[in-house]
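First the structure, in the form of structure tokens, and then the observations on it.
Laboratory data are not the source of any read-out in this text; all were calculated from the coordinates shown. Owing to the predicted nature of the structure, the values given are computational and were not obtained by experimental measurement. A quick note on method: Cβ atoms are made from the backbone with ideal geometry, for glycine too, and the neighbour counts reach across all protein chains shown.
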Number of protein chains: 4
Amino acid sequence: MLKITRLDIADARVLIAGAAEKAKEIGVPMCIAITDESGNLIAFERMDGGKVTSTTIAIDKAFTAAGAKKATHDYGTASQPGAPAYGIASAIGGRLMVVGGGLPVIVNGEVVGGIGVSSGTPAQDREVAEAGIEAFLKTV
Amino acid sequence: MLKITRLDIADARVLIAGAAEKAKEIGVPMCIAITDESGNLIAFERMDGGKVTSTTIAIDKAFTAAGAKKATHDYGTASQPGAPAYGIASAIGGRLMVVGGGLPVIVNGEVVGGIGVSSGTPAQDREVAEAGIEAFLKTV
Amino acid sequence: MLKITRLDIADARVLIAGAAEKAKEIGVPMCIAITDESGNLIAFERMDGGKVTSTTIAIDKAFTAAGAKKATHDYGTASQPGAPAYGIASAIGGRLMVVGGGLPVIVNGEVVGGIGVSSGTPAQDREVAEAGIEAFLKTV
Amino acid sequence: MLKITRLDIADARVLIAGAAEKAKEIGVPMCIAITDESGNLIAFERMDGGKVTSTTIAIDKAFTAAGAKKATHDYGTASQPGAPAYGIASAIGGRLMVVGGGLPVIVNGEVVGGIGVSSGTPAQDREVAEAGIEAFLKTV
């Protein structure tokens, strides 16, 4: 059998709080989703003013990053026209996200969860996701 | 035009905390979802040990209760074989939940959101959802 | 963070082999699916003559049993008309299975995966799933 | 009426074993799916460390290759912006895969099944799928 390490709900709250702080700092209310290492949702918050359409997008960015062990912006590059993974964006019923803002949460080289952020530009979403991870890694 | 009153993210956290406290008290780790009055997710937490399958079920219970302005257990009664709403359980791609544990959040006679709880028996889910609303109403 | 124990691919093969042996013994070619504790597929076999429609059913039985930590036949009882979980069968886009043949795989009181079997009667499916678990537990 | 030639479960195991051996050789744990000539799943294995998101992707690559009698990487070329099949990637609810790693299994000029591989780069996925077919053709 395999031994897996996984974010717990307290970890998820730290990730969301760290991300939300950065979102406030840059003035963009965000949807923030945290999944476990298998891509299943642990926690979610839509900040006041966050976009309704971003609810699913944030959840699916976290799902993609955790499940594929890969930042969603890396899929963005790999799936451009002419690039090897072109067309992957519509896989898994459209759940596979190739837009920036989804990051795997990695501890000791192991993916333990994912964070997905949406409502700003992809660059803002990514910055906010990174802030969440930064805040979390200080607690590990 | 309409003026809508809606839960904010701080309200959502109070609802989740109130529900989680009851869940701990009865010893059943739960999935707890809060939607706004339009049925869109505001916040979600899967307590450590909450069921993976209950993630979607909790979200859909809150969606149903807020959107239909009705407790999901009332749909349970109304959708029994021979009853008027028989068959409604598979509506909206299966999102319309008729199992107890989803309640509209009502302030001054107006639905301002929904809470959905899943992982226990339907009676436990409902009890935990009620505790969330009780905790919230104290703050209004 | 949480520490999780999960079936590996070798375990999944043992579960399938044990189930398939029983399926041959009773003369019913089966679809047999093994998921991890999060409900994600690890391995699947459709025996020659297994039903095409049973592919998804077997996978969803294993998903339900692992994710809900519960035998699917228990949901069958709890979701009868008039019973508390009536209507649950169409939840999660219809993936929540209430028909017998899905069992959680439990080691030391912890759910480490799920097995789902389909193509026979629910009683046959369940018998075959149990045989898979029996074969696996001998190796733990 | 038609006479169809189709992979059996023993063939499917040979295909998976051949693919998995190559996957180990290149050090990339893979999801490997085998479908029959109708695109219905016969067998699947997620090697330890294979990506959760690749489960569906591998199955859909095999489905596409068998059903369309065409390598998925050929669709990749044909579906580029300006090319005749542009936009096909989102067909069938996103199941039609245009990323490399799906190959029809062909015997005597007839498609008898499909193999789909996912978790590596599309080039790696394709290499591993080819190794599966190579191993299988030695047994025909």
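Considering every residue in C:9-16, what mean count of other chain Cβ atoms within 10 Å of its Cβ is obtained? Walk me through the intermediate numbers first.
Values: counts 9, 2, 3, 4, 2, 0, 0, 2.
That works out to 3 on average.
Rg and Dmax in Å for the stretch A:9-137, alpha carbons only: what are they?
For the stretch A:9-137, the Cα radius of gyration and maximum Cα-Cα distance read 13.2, 42 Å.
Rank by packing, highest mean first: peptides C:18-29, B:9-20, B:34-45, with packing defined as the count of other Cβ atoms within 10 Å averaged across residues. Please list the in-between numbers first.
Working: C:18-29: 18.2, B:9-20: 21.8, B:34-45: 24.9.
Highest to lowest by the protection proxy: B:34-45, B:9-20, C:18-29.
Rank these for me by crowding, D:D125, D:D8, going from fewest to most other beta carbons within 10 Å.
Working: D:D125 33, D:D8 15.
Least crowded to most crowded, the residues run D:D8, D:D125.
Looking at the protein assembly as shown, I'd like the Rg to Rh ratio, where Rg is from alpha-carbon atoms and Rh is Kirkwood's inverse mean 1/r. Show your work: numbers first, answer last.
On the way: Rg = 23.4 Å, Rh = 23.9 Å.
Here the Rg-to-Rh quotient is 0.98.
Between C:E110 and D:A91, take the C-beta separation as r, use R0 = 30 Å, and let me know the FRET efficiency to the nearest 0.05. Mind showing how you got there, number by number?
Values: r = 42 Å, r/R0 = 1.39.
Between C:E110 and D:A91 the formula returns 0.10.
What value, in deg cm²/dmol to 500, does the helix sum -39500 (n - 2.57) over DSSP H runs of n ≥ 4 give at 222 nm once divided by the residues of chain A? Kindly include the intermediate steps, with their values, before the conclusion.
Numbers: 4 runs with 56 residues, N = 140.
Estimated from H runs of four or more residues: -13000 deg cm²/dmol.
Count charges around C:A123 for me, please; just the other residues with Cβ under 13 Å from its Cβ, Lys/Arg as +1, Asp/Glu as -1. Could the numbers behind the result be given before it?
Working: positive: C:K22, C:R126; negative: C:D125, C:E127, C:E130.
Net of charged neighbours comes to -1.
Grab the other residues whose beta carbon is less than 12 angstrom from that of D:R6, score K and R as +1, D and E as -1, and report the net. The partial results should precede the final answer.
Values: positive: C:R46, D:K3; negative: C:D48, D:D8, D:D11, D:D36, D:E37, D:E110.
Within the 12 Å Cβ shell, the charges total -4.
Taking amide H positions as placed 1.01 Å from N in the peptide plane, with prolines and chain starts having none, which residues 5 or more places from C:V52, or on another chain, fall under 5 Å of its amide H?
Counting only residues 5 or more places away or on other chains, the set is empty.
How many partner chain Cβ atoms sit within 10 Å of a residue's Cβ in peptide D:53-60, on average, as a whole number? Don't skip to the answer; put the middle values down first.
Details: counts 15, 5, 8, 8, 5, 1, 4, 3.
Across D:53-60, the average partner-chain Cβ count within 10 Å equals 6.
What's the center-to-center distance, using Cα atoms, between the stretch D:96-140 and the stretch B:106-140 in Å?
52
Where along chain D is the Cβ that lies nearest the axis linking it to chain A, and how many Å separate them?
Residue of D nearest the axis onto A, distance in Å: D:S90, 3.
Counting other beta carbons within 10 Å of each residue's own, what order do D:K3, D:K61, B:K69 fall into, fewest first?
Details: D:K3 4, D:K61 37, B:K69 13.
With the fewest neighbours first, D:K3, D:K61, B:K69 line up as D:K3, B:K69, D:K61.
Please go through the residue pairs A:K3/C:K22; D:K22/D:K51; B:K3/B:K69; B:K51/C:K61; B:K51/C:K138; C:K22/D:K24 and name each one whose alpha carbons sit more than 20 Å apart in this structure. Before the final figure, lay out the partial values.
Details: A:K3/C:K22 30 Å; D:K22/D:K51 17 Å; B:K3/B:K69 17 Å; B:K51/C:K61 15 Å; B:K51/C:K138 27 Å; C:K22/D:K24 32 Å.
Pairs exceeding the cut-off: A:K3/C:K22; B:K51/C:K138; C:K22/D:K24.
Looking at the stretch B:92-140, what % of the alpha carbon pairs are farther apart than 15 Å? Kindly include the intermediate steps, with their values, before the conclusion.
Details: 563 of 1176 pairs.
Cα-Cα pairs in the stretch B:92-140 separated by more than 15 Å: 48 percent.
What are the ³J(HN,Hα) values, in whole Hz, obtained from phi via the Karplus relation 6.51 cos²θ - 1.76 cosθ + 1.60 with θ = phi - 60°, for each residue of the stretch B:125-135 in sequence order, with x given for Gly and Pro?
With the stated coefficients, the stretch B:125-135 comes to 4, 5, 4, 5, 5, 4, 5, x, 5, 4, 4 Hz.
Considering only C:V117, C:V128, C:V99, give the residue with the highest GNM mean-square fluctuation for chain C, with springs between Cα atoms whenever their separation is below 10 Å.
C:V99
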